[in-house]
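Novice: Encoded as structure tokens, here's the structure I'll be asking about.
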Amino acid sequence: MKLFKNNILAISMILLTSCSSSYLQLAPQYKPNTTINSDIESDQEIVSIINPYKEELKAKMDRVLAYSPIDLHKNGYSSPLCNLVADVTFESIQDIYTKQNKGKIDAILLNHGGIRRTFTAGNLTVGNVFELAPFDNEILVLDLKGETIKEMVDFYFKQTVAHPVAGITATSTEDIKIGGQPLDLNKVYKVVTSDYLSTGGDNMFFFTKALNKDILNIKQRDILLDYFEKIDTVQVNTNKRIYN
């Protein structure tokens, strides 16, 4: 009986302790940062494990996809690289829409900052495309009213950089054409962009006014990889689009 009472007392103490509001905290231990540089010797055992994967990845990234006869830069309005990225993405999504009987794409607007590097004339590799589009941005299609398109063009003219655009031309907000036809403020247009921009990224808040959003589950980088895989030589349409 005495042993039973002692056990009850022990269990009660454990329960009371576990319900206590007091906390224990480890004292912080500060250590100096370790600078990572060439002075640190490699661990050869680790290196031998990593090297086969590193060499395999390098071979994949160094594979040449296509050749560009011109420099691909993104300076100024309608630059070669911005036009190329916009056109390739526009045409790829149009192909998908055609195969799925979804109709016609009207325009595309991406962001200048989404293009992370430029190229001199020469070969383009798989690694170059990953450097060009390192983010996992996905491409989707938005239904936008004509009045929102006008707001988009007004935003475009106020920028210090020219974003990739296709399917639309404009020299002012009063001279906007979609597919070669004057903008109809009451019409609904299908505009391609990225998931990042569709939520107002880079201050493109007009995209949040979309009437509908068609999520395609396609990464922009995959579209570019697929394009360069199919061609031999890059051909760029350098015609002017939105400019003044």
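The values are calculated or read from the model by the stated rules, or taken from the named source; none is laboratory data. Since this is a predicted model, take the numbers as computed values, not measurements. Ideal geometry is used to build each Cβ from the backbone, glycine not excepted, and the neighbour counts take in all protein chains shown. Surface accessibility is based on the protein's heavy atoms, side chains included, excluding ligands, DNA and RNA. Shrake-Rupley method; radii C 1.70, N 1.55, O 1.52, S 1.80 Å.
Novice: More than 28 Å apart: what percent of Cα pairs in the chain qualify? Kindly include the intermediate steps, with their values, before the conclusion.
Specialist: Working: 14721 of 29646 pairs.
Tail fraction, whole percent: 50.
Novice: Let me know the volume per residue of the alpha-carbon convex hull for the range 132-243, in Å³.
Specialist: Details: hull volume 13.5 nm³, N = 112.
Here the figure is 120 Å³ per residue.
Novice: Give me, ordered by chain and number, the residues 5 or more places off I218 or on other chains with an amide H under 5 Å from its own placed amide H.
Specialist: It is I139, by chain and number.
Novice: Sequence-distant or interchain residues sharing an amide H contact under 5 Å with S68, placed H: which?
Specialist: For S68, whose amide H was placed from the backbone, the distant partners under 5 Å are G122, N123, L124, V234.
Novice: Roughly how tilted is helix 2-18, in degrees to the nearest 10 and between 0 and 90, from the longest Cα axis of the chain?
Specialist: Approximately 30 degrees, to the nearest ten.
Novice: On to the next question. Report, please, the projected area of the range 49-123 averaged over directions, based on the convex hull of its C-alpha atoms, in nm². Write out the running numbers ahead of the final one.
Specialist: Numbers: hull surface 30.8 nm².
With the hull built on Cα positions only, its mean projection is 7.7 nm².
Novice: Where does the chain land at 222 nm, in deg cm²/dmol rounded to the nearest 500, when only DSSP H runs of n ≥ 4 count, each adding -39500 (n - 2.57), divided by all residues?
Specialist: On the way: 7 runs with 89 residues, N = 244.
Rounded to the nearest 500, the figure is -11500 deg cm²/dmol.
Novice: In sequence order, what are the phi-derived ³J(HN,Hα) couplings for the range 218-229 according to the Karplus relation 6.51 cos²θ - 1.76 cosθ + 1.60 with θ = phi - 60°, rounded to whole Hz, with x for glycine and proline?
Specialist: Coupling constants for the range 218-229: 10, 7, 4, 4, 5, 4, 5, 4, 5, 5, 5, 5 Hz.
Novice: Using a 1.4 angstrom probe on heavy atoms only, work out the carbon and sulfur share of the accessible area of the chain in %. Display every interim value, and only then the final one.
Specialist: Details: 8220 of 15420 Å².
The value for the chain is 53 percent carbon and sulfur by accessible area.
Novice: Under a 1.4 Å probe, what is the accessible area of the chain per residue, stated in Å²? Could you put the intermediate results ahead of the total?
Specialist: Numbers: 15420 Å² over 244 residues.
On a per-residue basis, the chain sits at 63 Å².
Novice: Moving on. Points 7 angstrom from Cα along the Cβ direction at I46 and I218: gap in nanometres?
Specialist: 4.1 nm
Novice: How high is the relative contact order of the chain? Use alpha-carbon pairs under 8 Å, at least six apart in sequence, and give a whole percent. Write down the numbers at each step before the final one.
Specialist: Details: 377 pairs, mean separation 65.6, N = 244.
Averaging sequence separation for qualifying contacts and normalising by length gives 27 percent for the chain.
Novice: Under a straight-distance cross-link criterion of Cα-Cα below 25 Å, which lysines are reachable from K104, leaving out those fewer than 8 residues away in the same chain?
Specialist: Qualifying lysines at Cα under 25 Å: K145, K150, K177, K187, K190, K209, K213, K219, K230, K240.
Novice: When the chain is fully extended, how far beyond the present Cα-Cα distance does T233 get from T118, taking 0.36 nm per residue of separation?
Specialist: Taking T233 through T118 to full extension adds about 39.7 nm, to one decimal.
Novice: Sorted by accessible area with a 1.4 angstrom probe, largest first, how do V47, V234 fall? Present the calculation step by step, with values, prior to reporting the outcome.
Specialist: On the way: V47 45, V234 5 Å².
Listed by decreasing accessible area, they come as V47, V234.
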